[in-house]
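Computed from the coordinates by the stated procedures, all read-outs in this text should not be read as laboratory data. Remember, it's a predicted structure, so these values are computed and weren't measured experimentally. For neighbour counting, all protein chains shown are included, and Cβ atoms are generated from backbone atoms with ideal geometry for every residue, glycine included.
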Amino acid sequence: MLREPRREEVGRSLIYFPLIGLIIGLALVGLNWLFRLFLPPMVINALLLVSLAVISGALHLDGFIDSCDGIAGHKSVEDRWRVMHDSRVGAFGIVSVVLLLLVQYALLNSIPGNLMPFALLMMPLLSRWAMVYAVFAYPYARPSGLGKLFKDEVTWWGLLLATLITMAIVLALSWLVGAGYFYLSGLAIIISTWVVVTIVAAYLRRKFSGLTGDSYGTISEIAEVTVLLLVVLLAYNLFD
């Protein structure tokens, strides 16, 4: 008989976020292989973005939209929270998510075919690790919410374990695809993603007096774009 998970179990599940990202990546790799049997690359990439949204329940995209709506305009912190809780979607959020998906699509189309499995694995892996880091490193803005549950239970050793898992997988994947100086290229992707996530998280903290669940979704989406961009940059330099 199924039981409701305890509060601490939900919060400590952060440790497994990178592994969940890896599983999502494996699903995308499998779909990419299947679609390649009968579809052209541009159509495949569009379907992969659709598949990613379906697998994640569009949860992170929703957080991205809400955060963008909250950021827009000159408002108090309380007003920004109110906008984010509004079920209606504003023009700024719609434009932002369209541009986000457009950039993701363009980047996927720019990745060489032999590196596509690598990119599809790295993208959800590092985006989930980025959320673990953001939960640990930045204060939570509101007194309640699902994000607060994660924040209350996150520990430094949980972040350390999630980071070690992520680094091991990234280095292994870099080696498997034949990256020149694989340990450097893998670390470069991790460190560059961390830098971008740190900048974005600091900005969101200033706008909302801390992070929220929507902020975590925003960080995840931006981390995915960052990873794809880095793979495109490295594809023409370090990969054989």
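Only helical runs count toward this figure. For the chain, summing -39,500 (n - 2.57) over DSSP H runs of n ≥ 4 and dividing by all residues gives -25500 deg cm²/dmol at 222 nm.
As a calculated quantity, the FRET efficiency between TYR236 and LEU164 at R0 = 35 Å, using C-beta atoms, amounts to about 0.70. Simple spin-label estimate for TRP33 and VAL103 gives 3.2 nm between the two label positions (7 Å along the Cα-to-Cβ direction from each Cα). Mean-square fluctuations from a GNM of the chain, with a 10 angstrom spring cutoff on Cα atoms, peak among HIS60, HIS85, HIS74 at HIS74. If you sort the three axes of the alpha carbon gyration tensor as a ≥ b ≥ c, you get a/c of 1.5 or more for the range 186-240 and a/b above b/c, which makes it prolate.
Extending 7 Å from Cα along the Cβ direction at ALA172 and again at VAL195 yields two label points whose distance is 2.8 nm. With neighbour counts taken as other beta-carbon atoms within 10 Å, the residues GLU78, GLU153 rank, fewest first, as GLU78, GLU153. Placing +1 on the Cβ of every Lys and Arg and -1 on the Cβ of every Asp and Glu, with nothing else charged, gives the range 10-235 a dipole about its Cα centre of roughly 200 debye. If you look at the Cα atoms of the range 10-235, you get an Rg and a Dmax of 17.3, 52 Å.
Once the C-beta distance of SER13 and ARG142 is scaled by a Förster radius of 22 Å, the resulting FRET efficiency is 0.60 to the nearest 0.05. A Gaussian network model of the chain, with springs between Cα atoms under 10 Å, assigns the largest mean-square fluctuation among LEU22, LEU37, LEU100 to LEU37.
Could you size up the charge dipole of the range 77-153 around its Cα centre, putting +1 on the beta carbon of Lys and Arg and -1 on that of Asp and Glu, and report it in debye to the nearest 20?
It works out to roughly 40 debye.
Within the listed set VAL103, VAL54, VAL197, the residue fluctuating most in the Gaussian network model of the chain (springs between alpha-carbon atoms under 10 angstrom) is VAL54. Listing LEU99, LEU233 from fewest to most neighbouring C-beta atoms within 10 Å gives LEU99, LEU233. Estimated at 0.36 nm per residue, the fully extended path between ALA72 and MET42 surpasses their Cα-Cα distance by 7.6 nm.
If you plug the beta carbon distance of LEU49 and SER87 into 1/(1 + (r/R0)^6) with R0 = 25 Å, you get a FRET efficiency near 0.55. Any chance you could give the angle, 0 to 90 degrees and rounded to 10, that helix 17-35 forms with the longest Cα principal axis of the chain? Between the helix axis and the principal axis of the chain, the angle is about 50 degrees.
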